[in-house]
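Submitted below is the structure of interest, expressed as structure tokens.
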Amino acid sequence: MADRVELGVSFLRTMVRIREFEQHARIGYDAGEIPGVVHLSIGQEAVAVGVCANLAREDYVASTHRGHGHCVAKGAETGAMMAELFGKSTGTNKGKGGSMHIADFSVGMLGANGVVGGGIGIAVGAAQAARLLGKKSISVCFFGDGAVNRGPFLEGLNWSVVFKLPVLFVCEDNAFSAFTRASSTTAGKGASARAEAIGLETRSVDGNDVFAVYDAAHELIAHIREGRGPAFLYAPTYRLDGHTVFDKAPYRSSEELERKREDDPVSDLESRLREWGVAQAQVDKIHVEAREEMVRAMLSARRAPLPTEADAFLDVQNIGAPV
Ligand SMILES: Cc1ncc(C[n+]2csc(CCOP(=O)(O)OP(=O)(O)O)c2C)c(N)n1
């Protein structure tokens, strides 16, 4: 039990850091300091944390357009992430990627990306590369419910089974595909049934319960590491914010939102930890430390220099040099 408490505290720390990061990103966006589009994953933190807690640094993660949580959970440094959102040269991608394209290869984060389902091919490719290079790394691919209706889903899952690749596919079903209820655009029995039909080992769990996610991912990752092929985790959760920071989500009722707020994965975990004897002071400290970390990240992002015009021509392919 002591191990579970310790694990729960570490889950809470990462979940709160993700939430604070995103709340500060919203402040930066509202203040006009962050260019581009920002998609928040507030309410979905348990999926990122429960899965990534099972990974080693040399494992890979491919993400979605809603990728801050996956990056933090995989170990990316929040100061560099915030600077990336601000478009600054100290960012994870020297300010060229922004919120939707954060990558940090040093921790195995292969990148957020703006193409729905785009991470699937990246994760499968990374798993195939690991196989060819004789590395032990596995790949995890996070994607939304919207991606299961796109071609890369069928292609990626099929390929991974044919080649028995070390990939965990994680479908984070946050109930919406942009402004549309995902249930209204997905035919048949849904994501898990499709994965099962293709031959993947599959589990469904409550995506707001970080321990349920952790335990299921643990089992599936053991299956993958034993060389028994890819696996699929279906994790229904809920997006508490709009699709992007400027979406007020008029397509759902305030009653629905209130009901879902009562199942907030962060406060659910806090209640469980208190029942297990963790002091409120310890929980409060986690919040204070996360807030301080993100305030520091904001301050250093603000002070950091923008990239120069010449930097636009570095680290890119086939566009030639400035004249
Ligand atoms: C190939 C492609 N089609 C359409 C879009 C526009 N688009 C951006 S996000 C989004 C919804 C994606 O829903 P889901 O995969 O469930 O992820 P969520 O936004 O719910 O996290 C769409 C359709 C896109 N980015 N890429």
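Specify which residue in the list 235, 314, 281 is farthest towards the positive end of the charge dipole of segment 211-323, using unit charges on the beta carbon of Lys, Arg (+1) and Asp, Glu (-1), about the Cα centre.
314
Next up: Order 58, 256, most accessible first, counting only protein heavy atoms with a 1.4 angstrom probe. Kindly include the intermediate steps, with their values, before the conclusion.
Numbers: 58 115, 256 25 Å².
These residues rank, largest area first, as 58, 256.
Given charges of +1 on the Cβ of Lys and Arg and -1 on the Cβ of Asp and Glu, with all other atoms neutral, how large is the dipole of the chain about its Cα centre, in debye to the nearest 20? Before the final figure, lay out each step's value.
Details: 35 positive and 41 negative charges, 136 e Å.
Dipole of the chain, to the nearest 20 debye: 660 debye.
How big is the chain in terms of Cα radius of gyration and Dmax, in angstroms?
Answer for the chain, Rg first and Dmax second: 19.3, 65 Å.
Under the √(5λ) rule applied to the eigenvalues of the Cα gyration tensor, what semi-axes describe the equivalent ellipsoid of segment 143-282? Give them in Å, descending.
Working: eigenvalues 167, 107, 21 Å².
After scaling each eigenvalue by five and taking roots: 29, 23, 10 Å.
Springs between alpha-carbon pairs under 10 angstrom, Gaussian network model over the chain: which of 74, 136, 94 fluctuates most?
136
Hey, another quick one. Quick one: dipole size for segment 164-323, taken about the Cα centre, charges +1 on Lys/Arg Cβ and -1 on Asp/Glu Cβ, in debye to the nearest 20. Please list the in-between numbers first.
Details: 20 positive and 27 negative charges, 64 e Å.
Dipole size: approximately 300 debye.
Which residue fluctuates the most in the chain, going by a Gaussian network model with Cα springs under 10 Å, if the choices are 29, 234, 60?
Per the Cα network of the chain with a 10 Å cutoff, 29 tops the list.
Using a ≥ b ≥ c from the Cα gyration tensor of segment 4-139 (square roots of the eigenvalues), is it rounded, prolate or oblate, where a/c under 1.5 gives rounded and otherwise the larger of a/b and b/c decides, a/b for prolate? Mind showing how you got there, number by number?
Values: a/c = 1.94, a/b = 1.24, b/c = 1.57.
Oblate, because a/c is 1.5 or more while a/b does not exceed b/c.
Please work out how much accessible surface residue 302 shows to a 1.4 Å probe, ignoring ligands, DNA and RNA, in Å² rounded to 10.
Here the accessible area works out near 110 Å².
Quick one: compute the contact order of segment 1-130, relative version, from alpha carbon pairs under 8 angstrom and 6+ residues apart, as a percent.
Details: 202 pairs, mean separation 30.4, N = 130.
Across segment 1-130, relative contact order equals 23 percent.
Report the semi-axes of the equivalent ellipsoid for segment 106-199 in whole Å, largest first, where each axis is √(5λ) for an eigenvalue λ of the Cα gyration tensor. Write down the numbers at each step before the final one.
Working: eigenvalues 120, 48, 17 Å².
The answer is 24, 16, 9 Å, longest axis first.
Of the DSSP beta bridges with both residues in the chain, give the percent that are antiparallel, rounding to the nearest 5.
Values: 3 of 24 bridges.
Antiparallel bridges: around 10 percent, rounded to the nearest 5.
Moving on to the next point. What is the log10 of I(q)/I(0) for segment 174-221, computed with the Debye formula using one identical point scatterer on each Cα and no solvent, at q = 0.30 Å⁻¹?
-1.03
Whole angstrom only: what separates the Cα centroid of segment 11-71 from the Cα centroid of segment 255-323?
That distance is 6 Å.
Starting from the Cα gyration tensor of segment 236-323, take the square roots of the eigenvalues, sort them a ≥ b ≥ c, and report rounded, prolate or oblate (rounded when a/c is under 1.5, otherwise prolate if a/b is larger than b/c, else oblate).
On the way: a/c = 3.25, a/b = 1.71, b/c = 1.90.
Cα axes put segment 236-323 in the oblate bin.
Could you tell me what fraction of 2.2 N^0.38 Å the Cα radius of gyration of segment 76-146 comes to, as a two-decimal ratio? Walk me through the numbers before you get to the answer.
Values: Rg = 13.3 Å, N = 71, 2.2 N^0.38 = 11.1 Å.
Compactness ratio reported: 1.20.
Still on this model: What figure in square angstrom, to the nearest 10, would you give for the accessible area of residue 262 with a 1.4 Å probe?
140 Å²
Residue 155 versus residue 57, label points 7 Å from Cα toward the beta carbon: distance in nm?
Going by the 7 Å Cα→Cβ label model, 3.4 nm.
Under DSSP H, which helices of the chain have Cα atoms covering 18 Å or more of the helix axis and a Kyte-Doolittle average no less than -0.5? Please list the in-between numbers first.
Working: long enough: 2-30 (42 Å, -0.34); 118-133 (23 Å, 1.26); 210-225 (21 Å, 0.75); 280-303 (35 Å, -0.62).
Helices passing the filter in the chain: 2-30, 118-133, 210-225.
OK, next. Give the long-range amide H neighbours of residue 202: residues separated by 5 or more places, or on another chain, with amide H under 5 Å away, using H modelled in the peptide plane at 1.01 Å from N.
Placed amide hydrogens put 232 under 5 Å from residue 202.
Moving on. Suppose only helical runs count, i.e. DSSP H with n ≥ 4. What mean residue ellipticity at 222 nm does that imply for the chain under -39500 (n - 2.57) per run, divided by all residues and rounded to the nearest 500 deg cm²/dmol? Write out the running numbers ahead of the final one.
On the way: 11 runs with 147 residues, N = 323.
Rounded to the nearest 500, the figure is -14500 deg cm²/dmol.
Cut-off under 28 Å on the C-alpha distance; same-chain residues fewer than 8 positions from residue 135 excluded. Which lysines are left, in chain and number order?
Cross-link targets: 74, 164.
In percent, what relative contact order does the chain have, based on Cα pairs under 8 Å that are 6 or more apart in sequence? Can you show the working numbers first?
On the way: 626 pairs, mean separation 75.6, N = 323.
Relative contact order, the chain: 23 percent.
Moving on to the next point. Using a 1.4 angstrom probe and counting only protein chains, how large is the accessible area of residue 240 in Å², to 10?
Counting only protein heavy atoms, the figure is 20 Å².
Test of understanding: in a Gaussian network model of the chain with alpha carbons linked when under 10 Å, which of 36, 134, 91 would top the mean-square fluctuation ranking?
134
Using alpha-carbon pairs under 8 Å, 6+ residues apart, how would you state the relative contact order of segment 209-323 in percent? Display every interim value, and only then the final one.
Working: 31 pairs, mean separation 18.7, N = 115.
In percent, rounded to a whole number, it is 16.
Would you calculate the separation in nanometres between label points at residue 292 and residue 193, each defined as 7 Å from the Cα along the Cα-to-beta-carbon direction?
Reported label-point gap for residue 292 and residue 193 is 5.2 nm.
Arrange the residues 161, 107 by how much accessible surface each exposes, largest first, with a 1.4 angstrom probe. Mind dumping the intermediate values first?
Working: 161 45, 107 5 Å².
The ordering from most to least exposed comes out as 161, 107.
The values are calculated or read from the model by the stated rules, or taken from the named source; none is laboratory data. This one's a predicted model, so the numbers in the text were calculated from it and none came from an experiment. Note that each Cβ is placed from the backbone with ideal geometry, even for glycine, and that neighbours are counted across all protein chains shown. Surface accessibility is based on the protein's heavy atoms, side chains included, excluding ligands, DNA and RNA. Shrake-Rupley method; radii C 1.70, N 1.55, O 1.52, S 1.80 Å.
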